[in-house]
Structure formats: structure tokens, C-alpha cells
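Here's the structure we're looking at; comments come further down.
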Amino acid sequence: MSGPDRAVLAGLLRLGLPMGGSILIEVTGFTFMAFFISRIGPTPVAGHQIAVNLVSLMYMLPLAIANASSTLVAQRIGAGDAEGARRIGWHGLEIGMLAGASVGAAAFLLRHAILHAYTDDPVIVAAALPLLAWVALFHLGDATQAVASFILRAYRIVNLPLVINAVAIWGIGLAGGYLLAFDIGGSTPAILKGAQGFWAAASFGLLATAVAFVLLLVRTFRGQGVRERAAAAS
């Protein structure tokens, strides 16, 4: 038996707190979307809940791919196989993006059948149908950012992703959605007012997150390659 190791605990906190913060940002983004949409009325909330339930179910596939990818990448890093870590990371990202695009496209094409599996109420179907039109774009961004963020965690890169998440999800997604949904500037197109405005902004926020994470991953891989070549030359 031994006492707590402060260095180990500090290392866990340095990784765990930013990772937890990223999850907090994602959860609060969805939570406050529901709060704000509830101000519009019960029917938009019903449509929103169907869309949220669907994308939450779809997210399980990229989440599983992200977990597997980060574990395998971390194992290769620990084994000193930087090239293997990069290869697995790229493959995981490619599989995640392909799965996200395929499942998102299927949900878009089958959106009428999916909605009628939830309800046959024509009013709720009419409220949810425009939201499901954003699902393909939303899910592609969600799947990509999930896999990329988990691979970055294998490299212990967690602070910058936290900042990116805050700007994209709270800034673009939540604040942008509020401006669109409630027509704050007075120039929002009718198609983007109400719950659709939140879903449009959230979709673009996730896409922005995905692009930023992929670029950060590319920079990380290149940095690893430069260090490898320098070590080999010396």
C-alpha cells in the first residue's frame, strides 16, 4: 500500500478536466437548444426531440469507432510505433467519416419512414421533417469531430480542442442558432426561423469543429514525422 501519487493525479487532471469540459460543452449545447426552442412552442419541441433522439442513436456508431481508434493509436504510441499510430489514426478517421456520411445520407433519404416510426401525428411530422433535412450534414460533422477528437486525446492534445469546441458549439451553434431562430437581426430567411435555425447553426458549428480537429490532427501527424526524421538523421 502507498499514498496518493500527486504527479500521477495531476497528470490525470490535466487530461481529464479538459476532456470533461468538452463533454460539458456538447451536453449544454443540446440542453440549451431545447430550452430556447421550448420558448417557441410545444410542437417545435416535439419535432426537436425526435431529431435529437435520432442523432443520439446515430452517434453510437462513430463513438464506437472513436473509442477503438484512440485505444489502438495510444497502444502504438506507447509501443514507440509512431508510423503505426498515424496509419491507424488515418484509417479510423476515414472509417468514421465514411460511416457518418453513409448513415447520415440514409437517414435523410428515409426521413419520412423514420418519422412515421415515431409518430403519425401530421402536425409533429411537419415540425420534425425540416429538422431531419439537416441530419445528414449534422451527423457527418458529428462523426468526424468525434473520431478526430478521440485520436487527439491519444496524443494528449486536449486543451486546444476544448477551446475549439467552445467557440464552435457555443458560439456558432448556440449563439448563432439563437440569432437565426428568433430573427434577432430582422433579416433571417423564413426557412431558418424557429427550430430550423438552431439545427442549421448546430450543423455548421459541428462541421467547423470537424474541420478544425482534422487540421489539428494533420499538424500533429506531420510534427511526429518531422521528429522521426530528425531522430533518424542524428
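FYI, it's all coordinate maths here, none of it is from the lab. This is a predicted model, so every value here is computed, not measured. Cβ placement follows ideal geometry from the backbone for every residue including glycine, while neighbour counts extend to all protein chains displayed.
Structure summary
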{"read-out": "Gaussian network model of the chain, Cα within-10 Å springs - most flexible of Gly84, Gly47, Gly177", "value": "Gly84"}
{"read-out": "Surface/4 estimate of mean projected area, convex hull on alpha-carbon atoms of the range 1-62, nm²", "value": "6.8"}
{"read-out": "Within a Gaussian network of the chain (alpha carbon springs, distance under 10 Å), most fluctuating of Ser38, Ser22, Ser203", "value": "Ser38"}
{"read-out": "Alpha carbon convex hull of the range 30-233, volume per residue in cubic angstrom", "value": "111"}
{"read-out": "Mean residue ellipticity (222 nm) of the chain, computed from DSSP H runs ≥ 4 via -39,500 (n - 2.57), nearest 500", "value": "-27500 deg cm²/dmol"}
{"read-out": "Between the range 117-149 and the range 73-91, the alpha-carbon center distance in angstrom", "value": "34"}
{"read-out": "Compactness of the range 33-135 - radius of gyration and Dmax, Cα, Å", "value": "18.5, 58"}
{"read-out": "Rounded to the nearest 20 debye, dipole of the range 30-233 from Cβ charges on Lys, Arg, Asp, Glu", "value": "640"}
{"read-out": "Förster radius 30 Å - calculated FRET efficiency between Val167 and Ser187, Cβ distance, rounded to 0.05", "value": "0.80"}
{"read-out": "Per-bin percent of Cα-Cα distances, the range 88-161 [10 Å]", "value": "20, 36, 24, 16, 5"}
{"read-out": "The chain: angle of helix 135-154 to the longest principal axis, Cα-based, in degrees nearest 10", "value": "20"}
{"read-out": "Top of Asp81, Asp120, Asp183 by mean-square fluctuation, Gaussian network on the chain, Cα under 10 Å", "value": "Asp120"}
